[in-house]
Amino acid sequence: VQLQASGGGLVQAGGSLSLSCTMSGLTFSSSAMGWFRQAPGKEREFVAAIGWIGRSTSYADSVKGRFTISRDNAKKSVYLQMNSLKPEDTAVYYCAADHRGRGTNSLDTYDYWGQGTQVTVSS
């Protein structure tokens with residue numbers, strides 16, 4: 001199973017970035033997907049999750065109203081649209097797959113992880 005994340009970069013505060021993650025080697029359409037992030041010196045934290053159908057989504061309070069998670073089962077991809085970015089959003093962002101389709105905010109739920117993509121927001 002491979003998850004390939006892309007789309008990170010450097011952006012000024014208030015700007016936007018869109019992350020993508022493509023999965024192979026697992027039935028994507030029945031997997032719940034999540035985005036997590038890890039800032040230097042901090043633990044990895046939940047950002048957003050989406051159910052296998054795509055109708056149910058959940059967000060960390062810190063990103064609610066600014067970030068949107070979505071998926072395209074035909075492309076085996078999950079996306080994270082990030083708007084109104086803040087310096088505190090700076091982190092390495094990871095996509096993750098839960099083949100049981102639960103999609104919770106707990107790291108332990110997820111079986112497979114991507115390599116991470118760096119997002120840096122300058123003030």
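The values are calculated or read from the model by the stated rules, or taken from the named source; none is laboratory data. Everything quoted here is computed from the prediction, not taken from an experiment. Note that each Cβ is placed from the backbone with ideal geometry, even for glycine, and that neighbours are counted across all protein chains shown. Calculation scope for accessible area: heavy atoms of the full protein, side chains included, ligands and nucleic acids excluded. Shrake-Rupley method; radii C 1.70, N 1.55, O 1.52, S 1.80 Å.
A few remarks follow.
- Counting Lys and Arg as +1 and Asp and Glu as -1 over every other residue whose Cβ lies under 13 Å from the Cβ of Val121, the net charge comes to +1.
- Normalised by 2.2 N^0.38 Å, where N counts its residues, the alpha-carbon radius of gyration of the range 1-113 equals 0.98.
- The range 1-54: trypsin sites (Lys or Arg not before Pro) in DSSP loop, at most 11 other beta carbons within 10 Å: Lys42
- Residues with amide H under 5 Å from that of Val119, placed H, sequence gap 5 or more: Gly9, Ala91, Val92, Tyr93
- Accessible area (Å², per residue) of the range 1-98, counting only protein heavy atoms and a probe of 1.4 Å: 48 Å²
- The spacing between the range 33-54 and the range 1-26, judged by their C-alpha centroids, is 12 Å.
- The 1.4 Å probe gives accessible areas that order Tyr93, Tyr79, largest first, as Tyr79, Tyr93.
- Mean separation of Cα contacts under 8 Å (6+ apart) over length of the chain, as relative contact order %: 36 percent
- Note on the chain: with a GNM built from Cα contacts shorter than 10 Å, the maximum mean-square fluctuation among Ala48, Ala39, Ala97 falls on Ala39.
- Sparse packing (at most 14 other Cβ atoms within 10 Å of the Cβ) combined with a DSSP loop state is found for the following GluC sites (Glu not before Pro) in the range 15-110: Glu43.
- Relative contact order [Cα under 8 Å, 6+ residues apart], the range 1-43, whole percent: 38 percent
- Most mobile of Ser58, Ser106, Ser18 in a GNM of the chain (Cα contacts under 10 Å): Ser106
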